[in-house]
């Protein structure tokens with residue numbers, strides 16, 4: 001089945017270029033010129049992923065992302081790649097805080113967009129053959145349970161809501177429980193590329209994960225901060 005993407009972008013020429021480029025790589029791209037139409041199409045076609053421009057007339061990309069995350073069931077977990085203004089880290093941080101899975105500053109190379117799209121979809125894919133198929137799908141740390149196959153996280157049987165990217169980040173850290181990891185190492189394990197200089201988005205994601213899985217996010221017991229280095233996922237919990 002051809003993966004279907006939804007691009008919410010008011011620049012029709014850019015949207016057409018993206019649709020043609022991604023179409024050559026096996027994707028079907030639907031287009032909505034504004035946030036309201038984008039949300040309507042999202043409900044109709046249930047895309048594999050949304051490519052969302054931040055700056056649009058009417059409701060902007062941040063509000064669209066908020067509304068997507070407030071939708072019921074699977075629609076709320078639709079991956080969102082946000083297109084942001086070049087050189088504005090605040091846009092990226094806010095976008096990640098409200099649930100975007102990844103970001104790409106404008107102007108961008110189509111090849112990088114394709115790589116980002118594939119990476120997000122790969123993270124959401126079912127476990128494949130090889131080493132991944134031999135990994136126990138469920139990891140347990142005290143009352144915390146991470147199910148790789150179902151892509152769910154629970155604490156004492158309470159479901160924890162995470163974005164696709166945050167789930168993969170949590171899995172990457174849990175697989176390396178007890179090891180102190182730098183931000184670069186964490187991001188490399190999840191996305192396959194190093195952090196940009198001064199990029200603090202990993203801290204935003206960690207904060208969101210803590211809010212979901214910790215009893216007290218201000219006094220975390222599962223994901224610990226190692227000052228001056230990074231983070232460590234605790235082996236012994238509860």
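The values are calculated or read from the model by the stated rules, or taken from the named source; none is laboratory data. Quantities reported herein were computed from a predicted structural model and do not represent experimental measurements. For neighbour counting, all protein chains shown are included, and Cβ atoms are generated from backbone atoms with ideal geometry for every residue, glycine included.
Considering only the range 47-98, how many residues are part of a loop (DSSP other than H, G, I, E, B), under 22 Å from residue 210 (Cβ atoms) and modelled with pLDDT of 85 or more?
Going through the range 47-98, the residues part of a loop (DSSP other than H, G, I, E, B) turn out to be 47-48, 54-60, 70-72, 77-79, 86-88, 98.
Subset that is under 22 Å from residue 210 (Cβ atoms): 70, 77, 79, 98.
Then keep just the ones that are modelled with pLDDT of 85 or more; that gives 70, 77, 79.
Residues meeting the conditions: 3.
Taken over the range 1-14, residues that are more than 16 Å from residue 80 (Cα to Cα) and touching a strand residue (DSSP E or B) at 6+ places or on another chain (Cβ under 8 Å) amount to 4.
Counting only residues that are in contact with a helix residue (DSSP H, G or I) (Cβ under 8 Å, 6 or more places away or on another chain), under 18 Å from residue 103 (Cα atoms) and assigned to a loop (DSSP other than H, G, I, E, B), the range 1-46 holds 1 of them.
Among the conditions (1) exposed (fewer than 15 other Cβ atoms within 10 Å of the Cβ); (2) without any contact (Cβ under 8 Å) to a residue 40 or more places away in the chain; (3) in contact with a strand residue (DSSP E or B) (Cβ under 6 Å, 6 or more places away or on another chain), the only one that residue 20 does not satisfy is (3).
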